[in-house]
Structures are given as structure tokens and as C-alpha cells.
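Following: one structure in C-alpha cells, then a few remarks.
The values are calculated or read from the model by the stated rules, or taken from the named source; none is laboratory data. In this text, all values refer to a predicted model and were calculated from it rather than measured experimentally. Positions of Cβ are backbone-derived with ideal geometry, glycine not excepted, and every protein chain shown enters the neighbour counts. Ligands, DNA and RNA are excluded from the accessible area calculation, which covers all protein heavy atoms including side chains. Shrake-Rupley method; radii C 1.70, N 1.55, O 1.52, S 1.80 Å.
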Amino acid sequence: MQVLQVQLEVGPDPEEVGRARRWARSRLAGSGIAADEPLAETLILLISELVTNAVVHTGCPAVLRMLLPGVPASEPGTVRVEVTDRSARPPRPRHAEGDETNGRGLELVDGLADRWGWQPEGGGKRIWCEVDRCDAAAASASRGLAYGEVALGVR
């Protein structure tokens with residue numbers, strides 16, 4: 001199976017997160033993943049969290065990379081999202097309490113992605129996550145429950 005790799009350089013400005021989301025939506029659509037599919041919505045949320053963490057918590061530019069399985073989109077495969085930045089500081093999962101608006105990013109990534117992790121890269125790091133494209137309905141239902149639990153602080 002062919003894999004399409006696309007990447008976007010992101011500046012160290014929180015407004016860049018919206019640009020990254022728009023860019024990712026267009027690349028997903030170009031690979032056959034429609035914007036209204038649960039898979040696309042999950043990926044956009046993951047991208048938003050990882051890019052936000054990179055630009056807000058490090059103050060450094062970042063690179064967003066997506067590895068997309070080849071067309072047709074109906075076939076199983078794995079979508080991988082990677083964000084690299086120049087900060088060597090490891091990601092630190094936090095737990096938000098009650099109505100706190102910060103501290104849920106990596107909890108969301110953990111709840112929505114099938115796998116995620118990070119690794120040192122040069123003088124910085126790469127944070128990655130993967131979402132399997134298999135039984136979309138079952139995966140969507142499972143991820144929706146996980147997202148609801150994480151967002152509400154149930155986990």
C-alpha cells in the first residue's frame with residue numbers, strides 16, 4: 001500500500017493552529033477522507049491538540065506531518081500524525097480538574113488515538129499519534145465514548 005506524506009511548517013504563534021487545521025482538512029479530503037467523517041473529525045482534534053502543545057508550551061516553530069494510507073479511503077490502514085519542535089523538554093501529561101480549561105491535551109490524545117508517543121529528535125522532539133482506518137463505525141463509537149470520558153474528566 002502506498003503512503004502519502006505531507007508536511008506543514010507552523011510558526012510559534014497560537015493563531016497558526018487554525019491554519020494547521022484548515023491545511024489538514026484539505027489534505028485529508030485530498031486523500032479521500034471527507035471532512036464530515038468521524039475519522040477526519042478525530043484527526044483534526046488530534047492535530048489541534050498536538051500543534052497547540054508545540055506552539056504554546058515551547059514557543060518554538062514546529063512541523064506538522066501526516067502520513068496517509070493510499071486511496072481508496074475505504075481500505076484499512078493507519079493515519080499517522082507527527083509534530084516536531086525544537087524543545088528537548090519531554091511532553092508532560094497533566095490532569096485538569098473540574099472547569100479548568102488547560103491540561104487536557106495529552107489526555108485527549110491518549111483517549112482518541114490508537115497509539116501515541118514521543119521521541120527525541122536532534123535538539124528537539126517528535127510527538128506522534130496513529131489512528132487506524134478499519135471499521136469506521138466501531139472505531140468512531142469507541143473514540144466518541146473515550147472523548148466524552150476524557151473531556152468530562154471521567155478517566
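Before moving on, here are some points about what is shown:
- Residue in segment 42-56 that is among the hydrophobic types (A, V, I, L, M, F, W, C) and either open to solvent by 40 Å² or more (accessible area, probe 1.4 Å) or in a strand (DSSP E or B) (or both) present: yes
- Remark: pairs (first residue in segment 7-23, under 20 Å from L43 (Cβ atoms) and free of Cβ contacts under 8 Å to residues at least 40 places away in the same chain; second residue open to solvent by less than 80 Å² (accessible area, probe 1.4 Å) and among the hydroxyl-bearing types (S, T, Y); Cβ separation under 9 Å; 6+ apart in sequence or on different chains) = V17/S48; V17/T52; G18/S48; R21/S48.
- Among the conditions (1) modelled with pLDDT of 90 or more; (2) open to solvent by less than 20 Å² (accessible area, probe 1.4 Å), P61 misses just one, which is (2).
- Matching residues, segment 78-107, being modelled with pLDDT under 90, surrounded by 18 or more Cβ atoms within 10 Å (Cβ to Cβ) and not charged (D, E, K, R): P91, G105, L106
- Some residue of segment 42-50 being out of contact with any strand residue (DSSP E or B) (no Cβ under 7 Å at 6 or more places or on another chain) and hydroxyl-bearing (S, T, Y): yes
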